[in-house]
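**Q** The following block contains the structure, expressed as structure tokens.
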Amino acid sequence: MTDATALERATAAYIERFGSEPTLITRAPGRVNIIGEHTDYNDGFALPMALPFDIVIAAAPTDDQSISAQSEGFEPTTIDLSMAPDPAAGWAAYVHGIAHLLAEAGHAVGGWQGCLASDIPAGASLSSSAALTMASGLAALGAAGSTIDPIELALLGQRVENEVLGFPSGNLDQLASVSGRANSASLIDCRSVDVTPVPLPAGIEIVIMDTGTRRELVDSEYAARRADCERAAEILGVAALRDATVADLDRLEDDQLLMRARHIVGENQRTLDAAEAMRAGDAVALGELMSQSHASLRDDYHVTSPALDAISALAQTMPGCLGARMTGGGFAGGAVALVRADATDAFVAAMLDAYEPPVEQPAVAPVQFWPVTANAGAEILRTPS
Ligand code: GLA
């Protein structure tokens, strides 16, 4: 492994395979959700930031409606855009799915040949598949010389998950990937899809903590949480749990539905409070809200895991750490900590030293810690002249 970035590796792979410079280059970042978990499909609020880890596609348009792509560590693939996407096609399902839905929505898309490279750790709750979808959507558009409103691209990307892959996700991951900005998180209203940049407080760092555990066969748990939320909203007579209040919760007699709804109502408020704390430069309040979010996801929403609980609890005890929580869908993968910038190096060293993966949920990938800065959203870096 070299230290070359995804951009450098994708470009080098293209030149090696096709013998010329790529004329079309796109990139899309992964995301870390700072707070606002499982709120997106409840029409609520989330506060992610785009990561300095990208998926990059180095490509050139082709004359036909087909995509010929290779990606590091995967078999090359050829996609016929006149066919429907195959959900069993692995990573190609995202590449094909977004081109298909873009065309269906009336956008001009073109075929391309190219090479992909990724700096987004897969399975660490950092939305590498949303980034793949956004980068390849931009490649299909760029190959035809068309442009798109990034929010529309994100919503079509969510439909790839829902309709092509059959996974009932919300719109957080794709909106986070397209709306990133340097030094800012994105406050997303997942109902109106308004995105407001919120500057990160000075003097702190966001640290991703990958437990090295990976999710298996829990898509049904995600769908079950979503169904619980829809049922609770129906009982309360609201369009979505976004519209429920703390007082409404008394009307839920079923314990499980009460716990699910209590998490969503509380998490939406915590997310709005976190955005306020960020604006006020109050990192201590922000950290407390993050730790409260973890407790609610653990005790009411039941989507944490032994490793996510252990790493978050340990981080919360470390000097300079203001708060920590699981991030993303849960059950395995990554967590996120808010750490004073002057304590970050010592924090990472102490975590590497002290964190032991719990025996009931062993790590299958290296346990790693990454202090991260906020990145710009998905974009076309080079278009054919
Ligand atoms: C996954 C889904 C998102 C969101 C998060 C939880 O990442 O893809 O839509 O629901 O889980 O916040």
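**Q** Can you give the FRET efficiency for D63 and A122, using 1/(1 + (r/R0)^6), R0 = 22 Å, r = Cβ-Cβ distance, to the nearest 0.05?
**A** 0.10
**Q** How far is it, in nm, from the label point at S146 to the one at T196 when both lie 7 Å from their Cα along the line to the Cβ?
**A** That separation, rounded to one decimal, is 3.3 nm.
**Q** Amide H to amide H under 5 Å from I35: which residues, 5+ apart in sequence or cross-chain, H placed 1.01 Å off N in plane?
**A** When sequence neighbours closer than 5 places are left aside, the close amide H contacts are L47.
**Q** Within the set of other residues whose C-beta is less than 9 Å from the C-beta of A285, count the net charge using Lys and Arg as +1 and Asp and Glu as -1.
**A** Residues near A285 contribute -4 overall.
**Q** Which FRET efficiency, nearest 0.05, do D250 and D80 yield, Cβ-Cβ r, R0 56 Å?
**A** With a Förster radius of 56 Å, E is 0.50.
**Q** If I take R0 = 25 Å and measure r between the Cβ atoms of R214 and A4 in this structure, what FRET efficiency does the formula 1/(1 + (r/R0)^6) give, to the nearest 0.05?
**A** For R214 and A4, the calculated efficiency is 0.50.
**Q** Moving on. Suppose the chain between A295 and E360 were pulled fully straight at 0.36 nm per residue; how much longer would it get relative to their current alpha carbon spacing?
**A** 21.4 nm
**Q** What ranking do 19-30, 147-158, 347-358, 325-336 get when scored by the average of other Cβ atoms within 10 Å per residue, highest first?
**A** Output ranking for 19-30, 147-158, 347-358, 325-336: 325-336, 19-30, 147-158, 347-358.
**Q** Please give the net charge around G111, taking every other residue with its beta carbon less than 14 angstrom from that of G111, where Lys and Arg add +1 and Asp and Glu add -1.
**A** Neighbourhood net charge equals -3.
**Q** Okay, moving on. About its Cα centre, how strong a charge dipole does the range 200-372 have in debye, to the nearest 20, once Lys and Arg get +1 and Asp and Glu get -1 at the Cβ?
**A** 280 debye
**Q** Now for a different question. So for the chain, Kirkwood radius off the Cα pairs, Stokes-Einstein at 25 °C and 0.890 mPa s: how many µm² s⁻¹?
**A** Roughly 116 µm²/s, to the nearest whole number.
**Q** Here is a follow-up. Against the longest principal axis of the chain, how steep is helix 344-354, in degrees 0 to 90 to the nearest 10, with axes from Cα atoms?
**A** Helix 344-354 sits roughly 80 degrees off the main axis of the chain.
**Q** Got a sec? How would C321, C229 order by Cβ neighbour count within 10 Å, fewest to most?
**A** C321, C229
**Q** Here is a further query. Taking Cα atoms, how many degrees apart are the long axis of helix 128-143 and the longest axis of the chain, rounded to 10 and kept between 0 and 90?
**A** 30 degrees
**Q** Let me ask you something else. Taking amide hydrogens as modeled 1.01 Å from N in the peptide plane, which residues meet the under 5 Å criterion relative to V364, leaving out close sequence neighbours?
**A** The list, which skips near neighbours in sequence, is T213, R214.
**Q** While we're looking at this one, here's another question. In what order do D210, D342 fall by count of nearby beta-carbon atoms within 10 Å, going from fewest to most?
**A** The most exposed by this proxy come first: D342, D210.
**Q** Now a separate question. Apply the Karplus parameterisation 6.51 cos²θ - 1.76 cosθ + 1.60, with θ equal to phi minus 60°, to every residue of the range 186-200 and state each ³J(HN,Hα) to the nearest whole Hz, in sequence, with x for glycine and proline.
**A** 10, 7, 10, 8, 6, 8, 7, 6, 6, 10, 10, x, 10, x, 6
**Q** Lys/Arg Cβ at +1, Asp/Glu Cβ at -1, dipole of the range 200-372 taken about the Cα centre: which of A350, Q292, I206 is farthest positive-ward?
**A** Checked the options; the winner is I206.
**Q** On a full-extension model of 0.36 nm per residue, what is the gain between T317 and A346, subtracting their alpha-carbon distance, rounded to one decimal in nm?
**A** 9.1 nm
**Q** Once Rh is set to the Kirkwood radius over Cα pairs, what Stokes-Einstein translational diffusion coefficient, in µm²/s, holds for the range 200-372 at a temperature of 20 °C and a viscosity of 1.002 mPa s?
**A** 127 µm²/s
**Q** Next question, about the same structure. Please work out how much length the chain gains when fully extended from R17 to L381, using 0.36 nm per residue of separation minus the C-alpha to C-alpha distance, in nm with one decimal.
**A** 129.0 nm
**Q** Does the range 169-250 come out rounded, prolate or oblate, given a ≥ b ≥ c as the square roots of the eigenvalues of its C-alpha gyration tensor, rounded meaning a/c under 1.5 and, failing that, prolate meaning a/b above b/c?
**A** It comes out oblate by the Cα gyration axes.
All of the numbers you see were taken from the coordinates with simple rules; none came from a lab. Since we're looking at a predicted model, the values are computed, not measured. Neighbour counts are summed over all protein chains in view; Cβ atoms, including those assigned to glycine, are modelled from backbone coordinates with ideal geometry.
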